[in-house]
Structures are given as C-alpha cells and as structure tokens.
Amino acid sequence: VQLQASGGGSVQAGGSLKLSCPASRIITSTFTRSRVAWYRQAPGKQRELVAELTSGGNVSYEDSVKGRFTISKDNAKKTVYLQMNSLEPEDTAVYYCNVDTEYRDYWGQGTLVTVSS
C-alpha cells in the first residue's frame, strides 16, 4: 500500500461522495505523466475498473457508472479524485485508487463505500 485513499462512508441511495487519493510519494512531473484510475471490489466479486484517466487526458468509465461518476486529478496537489453522484446500492464496494507511472504502479489501501436503499 503506497497511497492513502479517503472519502468513503455510508450514504443513502441518491447521495454523493467524493473520494480523494493523494500521491505524495510521487514526484510532480511523474504524476503529471501518469495514468490514474479507480477500481472497486464488491463482496464476493472480482476487482473491477471503474474509471480511468490516461496521461493523454482520455477518460473512460465502467458502463454502470457513466453519467454518475467523474474521475479527475490535480497535478499540483498530486491527488486523484472520484466524484460519485446518484449512488446506488450496487455501488457498495471497497474503492481503490491506482497511479500507473512509467516506473511502477502505486495502489491505495482502499476506502469502503456503503450505499443503502
């Protein structure tokens, strides 16, 4: 575990959360050139890619979160974000941030998101 994700919690369906993942151990120039992503793992399921932002600025989302989740990063703060709106019970999972640099992969320890109906 190299990154410290935060922002998870318990919300009701329809609510919002914003996850943050500062990458203080990565130098700014390397972070700026990195692909960043959020994954999640629900109980009893495999980890899945939720959103990614490539070094070229291309964004992609898992189909079920399109239009509800937004991935972004602040290069000056070396932080990755995931804004999650209109949350659904099916979004309940542990969310992991990932920074894929040209040298190595960095992962966060996971932050739990629980959405109740």
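The values are calculated or read from the model by the stated rules, or taken from the named source; none is laboratory data. Computed from a predicted model, the values in this text were never measured in an experiment. With ideal geometry, Cβ positions are generated from the backbone for all residues, glycine too; neighbour counts draw on all protein chains shown. All accessible areas refer to the heavy atoms of the entire protein, side chains included, with ligands and DNA or RNA removed. Shrake-Rupley method; radii C 1.70, N 1.55, O 1.52, S 1.80 Å.
Odds and ends about this structure:
- Answer residue from region 6-39, given it is charged (D, E, K, R) and open to solvent by 60 Å² or more (accessible area, probe 1.4 Å) and is farthest from Tyr96 (Cα to Cα) among those: Arg33
- Boolean, Ala51 is aliphatic (A, V, I, L, M), under 16 Å from Cys97 (Cβ atoms) and touching a helix residue (DSSP H, G or I) at 6+ places or on another chain (Cβ under 9 Å): yes
- Any hit, region 93-101, residues being without any contact (Cβ under 8 Å) to a residue 12 or more places away in the chain and among the acidic types (Asp, Glu): no
- Test: Ala42 is surrounded by 13 or more Cβ atoms within 10 Å (Cβ to Cβ), more than 16 Å from Val99 (Cβ to Cβ) and free of Cβ contacts under 8 Å to residues at least 60 places away in the same chain: yes
- Qualifying positions in region 45-57 - open to solvent by 10 Å² or more (accessible area, probe 1.4 Å), closer than 17 Å to Ala93 by Cβ and of a type in the set (A, V, I, L, M): Leu49
- Residues of region 101-117 satisfying the condition of being open to solvent by less than 60 Å² (accessible area, probe 1.4 Å) and either closer than 25 Å to Thr54 by Cβ or of a type outside the set (Ser, Thr, Tyr) (or both): Thr101, Tyr106, Gly108, Gly110, Thr111, Val113, Val115
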